[in-house]
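Just so it is clear, none of the values below were taken in a lab; they were calculated from the coordinates. Because the structure is a prediction, the values reported are computed rather than measured. Every residue, glycine among them, receives a Cβ derived from its backbone with ideal geometry; neighbour counts consider all protein chains shown.
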Amino acid sequence: MPRTIAGILTLIALVLLPTGANAFMKDGCGSGNCVDCHALTADEAMKLLKPMEIDKIAEVRESPVKGLWAVDAEKGGVRGTVFIDFGKKHVLQAQIIRIDTKENVTSIRKVDPSKIALDNALLMGKADAAQQIIVFSDVDCHFCANLHGSIKAIVAKEPGIAFRIILFSRNNDPNTILKERAVLCANSPEMLEQGYLGKPLPPPACTTDAATWNGKIAAELGINGTPVLILPDGRLIPGFRDPDAILRLLKEGAAPAAPGH
């Protein structure tokens, strides 16, 4: 987390956090699905974090740890994540690491996949597949090329999973946009693969500005890097994932929620 926010958060945490492992359990929810009876709005978060002189609350969401809200706060153009317990009495500065995968899940957030326009997306897999994963990709991105291999492997073995690939230039590079126009005009995953391999692509066969529009969609979602996967449940997962990791993420999203209270 940026030092400008971290210093303030450390002070707040020392003042507000009681000692002991059960500090968050008493007023929050140690287990189960508690969002039906707990809520935190951006305005409430702004008031709770007033001592930090935050400029803006960018997002409030349920954190990967039960009983905590993850709050993305901005100060002086710098963005960081803090946590507020469901009892709204404690502020925590920390990173959340999954023990089994050692993955940092502190900043995982959700979006609404149904609101993402897929008119200009390339389809890999069956259109009627039960599970649809949206992928934001860049033809000149090395890790996107690696992810493409994972996508091909999953589609070959799992007919119930499909990918919708939204191409845009993360650097707004004219040459990249030209390549992506060629791919989108041809509606060709095969041509996309050639682009990932660095092979020359033919000129665009149409005048589509789809790659530019895709860039606007990415910006609206706060996506400025690639690759990014958006799972059916809305989780936004940045970076390369191998096939097993993607399937594991899908399984987690499909798991039934634990009983609430």
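Tell me the net charge near Lys199. Cut-off is 14 Å between Cβ atoms, Lys199 excluded, with +1 for each Lys or Arg and -1 for each Asp or Glu.
Here the count lands on -2.
Can you give me the Kirkwood hydrodynamic radius for the stretch 126-258, using every pair of distinct Cα atoms, in Å to one decimal?
By the Kirkwood definition, the hydrodynamic radius is 15.2 Å.
Over the C-alpha atoms of the stretch 52-203, what are the Rg and the largest Cα-to-Cα span, Dmax, in Å?
That works out to 19.4, 60 Å for Rg and Dmax.
With a cut-off of at most 11 other beta carbons within 10 Å, and DSSP calling the residue loop, which GluC sites (Glu not before Pro) in the stretch 43-87 qualify? Please list them. Could the numbers behind the result be given before it?
On the way: sites: Glu44, Glu53, Glu59, Glu62, Glu74; in loops: Glu53.
The qualifying sites are Glu53.
Based on other C-beta atoms within 10 Å, arrange Val111, Val91, Val71 from fewest to most. Before the final figure, lay out each step's value.
Working: Val111 17, Val91 21, Val71 25.
Fewest-to-most ranking of Val111, Val91, Val71: Val111, Val91, Val71.
How do Phe83, Phe136, Phe163 line up, fewest other C-beta atoms within 10 Å first?
Phe83, Phe163, Phe136
Determine, for Trp69, Trp213, the number of other Cβ atoms within 10 Å of each Cβ, and report the residues in order from fewest to most.
Ranking Trp69, Trp213 by Cβ neighbours within 10 Å, fewest first, gives Trp213, Trp69.
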